[in-house]
Structures are given as structure tokens and as C-alpha cells.
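Below: one structure, written as C-alpha cells.
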Amino acid sequence: MVIVVFYREDSARRETLLAQVNNEFPEITSLMYVINKKCNDTITDQDIVWYAGKDHLIERMEGLQFKIGPKSFFQTNSEQAYQLYKTVREFAGLRGDEIVYDLYTGTGTLSQD
């Protein structure tokens with residue numbers, strides 16, 4: 001998934017760039033853009049526009065499946081995330097009868113295993 005962030009609307013340049021990216025990188029399965037006039041890197045409060053491909057990704061980890069959208073909080077390095085989650089489980093030493101609150105992991109990957 002690629003989200004291109006533009007500072008201002010310039011439809012001619014935007015269309016040229018997105019078409020070029022879409023043509024040159026066919027392995028991109030989801031191409032979107034956002035106009036972010038705030039001049040910062042936060043886009044969660046912005047409207048993200050679908051350009052090509054799918055509007056989401058499906059990520060698999062340890063037999064679980066997650067639907068990831070452009071505003072989802074999900075670890076982008078899945079191999080590293082797997083190692084991290086494995087270590088957390090080992091340290092937690094859970095037996096199966098505990099109540100676990102998964103407050104800050106975005107899509108809930110820790111609590112679903």
C-alpha cells in the first residue's frame with residue numbers, strides 16, 4: 001500500500017505522478033493519495049482518496065488474518081512484529097485464564113493469538 005501525500009491540490013501534476021507510479025511499479029497493490037494542507041506527517045484526520053488497486057490489504061500472521069486500511073495502525077515489518085509478539089507472549093507467561101486488555105496495538109494482533 002502506497003499513500004502519496006500532497007501539500008496542495010494540483011490535479012495535473014498529481015495525475016501525472018500517480019499514473020507514473022502506477023505504471024512503473026505494478027507490484028503496488030493499493031495506491032492512494034491525500035491532500036494534507038497542514039504541512040505535517042499526520043493524515044489520520046484527512047480524507048484519503050483511492051487511486052488504483054484495492055482500498056485495503058490483507059495481512060496474515062500466525063494463522064490470523066487482518067484487513068488493513070490506509071488509516072490502520074499495523075506493524076509494517078511483519079516478520080519483526082511476529083518476533084516481538086512471540087517475545088511478549090513468552091514474557092507474559094499467560095496460562096489462558098487471564099483477562100488481557102490489548103489497548104495500544106492497533107488492529108489487536110497481540111490479544112487475538
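Restricting to the range 3-27, name every residue that is more than 12 Å from K71 (Cα to Cα) and surrounded by 14 or more Cβ atoms within 10 Å (Cβ to Cβ).
If the condition is that a residue be more than 12 Å from K71 (Cα to Cα) and surrounded by 14 or more Cβ atoms within 10 Å (Cβ to Cβ), then V4, V5, F6, R14, L17, L18, V21, N22 are the ones that fit.
So which of A52, A12, A19 is outside any helix (DSSP H, G or I), among the small types (G, A, S) and more than 21 Å from L103 (Cα to Cα)?
Checking each option against the conditions leaves just A52.
For the range 1-60, name all the residues that are in contact with a strand residue (DSSP E or B) (Cβ under 8 Å, 6 or more places away or on another chain) and hydroxyl-bearing (S, T, Y).
Y7, T29, S30, Y33, Y51
Yes/no per residue for (1) assigned by TED's automatic domain parsing to the domain that holds Q75; (2) touching a residue at least 12 places away in the same chain (Cβ under 8 Å); (3) closer than 30 Å to Y82 by Cα; (4) among the basic types (K, R):
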residue: F6; (1), (2), (3), (4): no, yes, no, no
residue: R13; (1), (2), (3), (4): no, no, no, yes
residue: E24; (1), (2), (3), (4): no, no, no, no
residue: I28; (1), (2), (3), (4): no, yes, yes, no
residue: K37; (1), (2), (3), (4): no, yes, no, yes
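Restricting attention to the range 43-71, which residues are over 17 Å from Y33 (Cβ atoms) and surrounded by 14 or more Cβ atoms within 10 Å (Cβ to Cβ)?
Correct list: E59, M61, F66, I68.
Listed residues F74, F66, F91; which is at pLDDT below 95, part of a loop (DSSP other than H, G, I, E, B) and assigned by TED's automatic domain parsing to the domain that holds L103?
Answer to the check: F74.
The values are calculated or read from the model by the stated rules, or taken from the named source; none is laboratory data. Since the model is a prediction, treat every value here as computed from it, not as a measurement. Here the Cβ is made from the backbone with ideal geometry for all residues, glycine too, and neighbour counts use every protein chain on show.
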